[in-house]
Amino acid sequence: MSSAEHIVGLAVGRGTGAEIATVFERVLDRFARTYGSDIAVVRSPRTYHSYVSLRSHPAARGGGTAETRRLTREDADHYERFVRGRAAAGTRVIFRTAINAQTLYLVRQRLQAVKVDAFDAGGARMLLVRDQAQGFYTGDNEHRPGQVRRITEFSREITEKVLEYAVRRARREWPDEGPDRIVMAYKFHLLDGALDDWAAEFADRHGIDVRVLQPDTVNRNLIAHGPDDRTVLVAGNEWADIMHVVLLDRFGAGRQEDHCTRNVHLHPDAHGLVEYQTVHGSADDLAGRDLVNPVAAIRAAAAIAERHADCPGAGAAAERALARVRRAGILTPDLGGHHCTTEVANAFLDALEPGAEARAGQPVSTSPVAGS
C-alpha cells in the first residue's frame, strides 16, 4: 500500500485507453512535482474491454452472445471490486478511460452512479445530473432464439437518492442561492404515473419546485427559451446520453473530444467516490496510432490535481497552457491539425506555467511554445 498523501485510482480500457492513460499520468506527475504534492497512482491490474475488443475476442467470436455476456460480467465484477476496494482504502477519486458501455452500466447500477456537469448559457447557470443507476440502460438481458428481452427497473429509493444528491450538489455549486428548480427529463409516460408521484412527494417534503417533463418538451423549451438560471436538470440515460454532447456544444463548454466529466457513486460502499472520465469513447480505430485527442485527459488530470491532490490553480494553469498550444496550431487531426497525441501532450507540458497559487519555492520547468 502506498504511503503517499494523495491516492488516485486509474482504470484503463482497450482501444486508445493506454495512450490516454499515459497522457493522464504524465500531466498528473507534472502537477505533483510543480506543486510539491505527494500523489500516487494505483492502477487496476485488469485492462477492460471496449465493445470492439470484446466482440473481437476469440471466445466471443466462437461462443456468441453467451461468451460475450460472460466476458462482460467478468469485467464488470472486476471493476466493481476495484472501485469498492479503492473506496474502502480511502481513495476519493479514480480516472477511467472508456470501456464497454454494458460493463459500465452494470457497475453504475450496482454502485448507484450519477454523472455531473455544469453549464453556463450566458449567465443562465445549469447543472446536469444524469441518473445512471436505473432505467433503460441498466438491467439485464434474457436471450431466446431470435430475441433479446431487456429487463430494467425504476425505484423510489434510487429516484430520491438522485434528487437528494442533485439538491446537495446544486447548493455547493450556487452556495448563496441554491437551486431555483429541478427539471426531470424522463419518459415518465411509460411508468404508470409512479415517477410523477415520487417527484411530487420529494418536492413537498423538501419545499423545492420539481417538474417532470418529457424529453422532447425539455428540448423544445431549451431551443425556444434557453435555460432558466439555477436550473438542475435531472435526466434519465435515454435523454441525457444523447443530449450531453449537445449541451456541451450549445452552452459553451466545448466539444466532447476536449471534455472530461465526473461520475459520483451514491452507494454506501463507495459513497462520495468520484470517477473522472473523458467524454469521448474508446476510439478503437485510432488505437496504437498516436492520434487520439489528449485534451480531455489533460483536463481530467488538472481537475483531479486541483480538487483532490492539493494543487490549487491547476485547472486555470492547464487552460492557459492549452490556449497557448491552440494558438501555436499544435492540434490533433480531429481538430484540423497535423500533430500526434504525444506532440500535443509535449507542447502542453512545455507551455505549462503554474499560477501564483503554486507553492513557493517549488521547481518549475517551462519553455515557450513556438508561435505562442
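Only residues that are in contact with a Phe, Trp or Tyr (Cβ under 9 Å, 6 or more places away or on another chain) and either assigned to a loop (DSSP other than H, G, I, E, B) or at pLDDT below 95 (or both): list them for segment 16-36, please.
Selection gives nothing.
For the structure I just gave you, tell me whether Lys161 is under 20 Å from Cys260 (Cβ atoms) and out of contact with any helix residue (DSSP H, G or I) (no Cβ under 6 Å at 6 or more places or on another chain).
no
Mind counting the residues in segment 42-72 that are outside any helix (DSSP H, G or I) and either in the same structural domain as Pro145 (by TED's automatic domain parsing) or small (Gly, Ala, Ser) (or both)?
The number of residues fulfilling the criteria is 2.
Yes/no per residue for (1) β-branched (Val, Ile, Thr); (2) under 22 Å from the mean Cα position of the chain (by Cα); (3) in the same structural domain as Thr65 (by TED's automatic domain parsing); (4) closer than 27 Å to Ala270 by Cβ:
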| site | (1), (2), (3), (4) |
| --- | --- |
| Asp120 | no, yes, no, no |
| Arg149 | no, no, no, no |
| Thr159 | yes, yes, no, yes |
| Arg169 | no, yes, no, yes |
| Met184 | no, yes, no, yes |
| Asp192 | no, no, no, no |
| Ala199 | no, no, no, yes |
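Just the residues that are in a loop (DSSP other than H, G, I, E, B) and not small (Gly, Ala, Ser), please, taken from segment 261-304.
Leu266, His267, His271, Leu273, Val279, His280, Arg289, Asp290, Leu291, Val292, Asn293, Pro294
In segment 330-347, which residues are part of a loop (DSSP other than H, G, I, E, B) and surrounded by 15 or more Cβ atoms within 10 Å (Cβ to Cβ)?
Correct list: Ile330, Leu331, Thr332, Gly337, His339, Cys340.
Within segment 235-252, which residues are in a helix (DSSP H, G or I) and either among the hydrophobic types (A, V, I, L, M, F, W, C) or closer than 23 Å to Leu190 by Cα (or both)?
Passing the criteria: Asn237, Glu238, Trp239, Ala240, Asp241, Ile242, Met243, His244, Val245, Val246, Leu247, Leu248.
The values are calculated or read from the model by the stated rules, or taken from the named source; none is laboratory data. Only a predicted model underlies this, so the values are computations on that prediction, with no experimental measurement involved. Note: ideal-geometry Cβ built from the backbone for every residue, glycine included; neighbour counts use all protein chains shown.
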